[in-house]
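**Student:** Before we start, here is the structure in question, set down as structure tokens.
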Amino acid sequence: MIQTEPLPWTEAVLDRGCERRSAPGFLEGLRASGESRCMILVDGKTLIHSDKIVFVDARRLPTDGLAVYLGRATAAAARVFGVEPAQVQRPGPASVSTGLSPEDDVLLVVLPAEAAAALLSMAPAGTRLAGYREAALSLPAADAGIFIEASAIANWHRTHKHCPLCGAITRAEAAGWVRRCPQDNSEHYPRTDPAIIVAVVGPDERILLGGGSKWEANRYSTLAGFVEPGESLEQAVVREIGEEVGVRLHSPSYLGSQSWPFPASLMLGYLARTDDTEAVPDGVEITRARWFSRDELQQAVSRGEVVISARTSIARALIEHWYGGRILEAGEVAE
């Protein structure tokens, strides 16, 4: 099998600074300094201009919105993603900027929907508000990684406002990475739900892809499911595929992972093999399953007869890992 490109975002874009963010007054100091980059989320959308995230001077934003320290840009922002300091629009007082350079501190501010018009008015002409799914196809990898982190922490705050022990409203601490209950002083941390996603390969080297009732009839992807308590990842791989399509797996091999915080998943990618040649969808999560040879899948995708996952997803990376290269979409030409 030919080794394809690594799975998305293999290196950290931001150093999340656990020690720094826990210092008293750290977040407030960054917001007041005007030297940090501030990303905004409004209903899960951020400002996008020329296919890059727009960062705003935090001093221009309301102080009552949720604020979180996302981290300091690492050397990977330049070395891996090709962002050079000379290419970055440096922020100044009361300005907006795009791009990312090592040592930049990045904040997140979450604002209500009614702030959208004011935000767009302070951004360059042509700026739009876009969610991750819409923007990810064109964002640089560094920006996409930041968007993923921001979405994950914002979703956690949105769904975990109350103490699970006593029901009291919790408050954010540690620059947004902890919520503390004022009644019993318990601390609560962001949650992540592990899920496995599997490229199933049969004895004849065909791949098994499936689709659900909520998808278009011609859309197929790798199979996935959540890890249950007390279960190893490999056990989850075997159980989920058995439940969804009735196929017995062996030899699961871990390939990589991708955060998918909608709302809070961490997708753990596997390739696993089976000696079975028949798949029976469960009719609930999976309503159709189909085996593809490499030639069959490429021809079906290039003709538009079959739609597979976008290239920003781990599902696509797993499929192309099995395929041994880039699967061309309709209208694309091999390089």
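The values are calculated or read from the model by the stated rules, or taken from the named source; none is laboratory data. What you are looking at is a predicted structure, and each value in this text was computed from that prediction instead of being measured. For neighbour counting, all protein chains shown are included, and Cβ atoms are generated from backbone atoms with ideal geometry for every residue, glycine included.
**Student:** Restricting the first residue to the range 268-288 and requiring it to be touching a residue at least 40 places away in the same chain (Cβ under 8 Å) and in the same structural domain as Leu318 (by TED's automatic domain parsing), which pairs with a second residue that is hydroxyl-bearing (Ser, Thr, Tyr) and assigned to a loop (DSSP other than H, G, I, E, B) meet a Cβ separation below 6 Å and a spacing of at least six or different chains?
**Tutor:** Pro281/Thr287; Thr287/Ser213
**Student:** Modelled with pLDDT of 95 or more, assigned to a strand (DSSP E or B) and in contact with a Phe, Trp or Tyr (Cβ under 9 Å, 6 or more places away or on another chain): does that describe Leu268?
**Tutor:** yes
**Student:** Checking the structure you have, find out if any residue of the range 220-228 is part of a loop (DSSP other than H, G, I, E, B), hydroxyl-bearing (Ser, Thr, Tyr) and over 22 Å from the mean Cα position of the chain (by Cα).
**Tutor:** no
**Student:** Within the bounds of the range 164-173, is there any residue that is buried (at least 16 other Cβ atoms within 10 Å of the Cβ), within 25 Å of Arg21 (Cα to Cα), over 25 Å from the mean Cα position of the chain (by Cα) and outside the structural domain of Gln258 (by TED's automatic domain parsing)?
**Tutor:** yes
**Student:** What tally of residues in the range 106-145 results from selecting those that are among the acidic types (Asp, Glu) and either more than 20 Å from Arg16 (Cβ to Cβ) or surrounded by fewer than 14 Cβ atoms within 10 Å (Cβ to Cβ) (or both)?
**Tutor:** Adding up the residues that qualify gives 2.
**Student:** Still on this model: Tell me whether the range 305-316 contains one or more residues that are without any contact (Cβ under 8 Å) to a residue 24 or more places away in the chain and under 25 Å from Asp193 (Cβ atoms).
**Tutor:** yes
**Student:** Just the residues that are assigned to a loop (DSSP other than H, G, I, E, B) and either loosely packed, with under 15 Cβ neighbours inside 10 Å or in contact (Cβ under 8 Å) with a residue 60 or more places away in the chain (or both), please, taken from the range 237-260.
**Tutor:** Passing the criteria: only Arg248.
**Student:** Ala330 passes all but one of (1) outside any loop (DSSP other than H, G, I, E, B); (2) in contact with a Ser or Thr (Cβ under 8 Å, 6 or more places away or on another chain); which number fails?
**Tutor:** That leaves (1) as the condition not met.
**Student:** Continuing with the same structure: Looking only at the range 240-267, how many residues end up being closer than 25 Å to Phe147 by Cα and out of contact with any Gly (no Cβ under 8 Å at 6 or more places or on another chain)?
**Tutor:** Residues meeting the conditions: 9.
**Student:** Right, another one. Anything in the range 237-295 that is among the hydroxyl-bearing types (Ser, Thr, Tyr) and on the phi > 0 side of the Ramachandran plot? List them, or say none.
**Tutor:** Correct list: Ser251 only.
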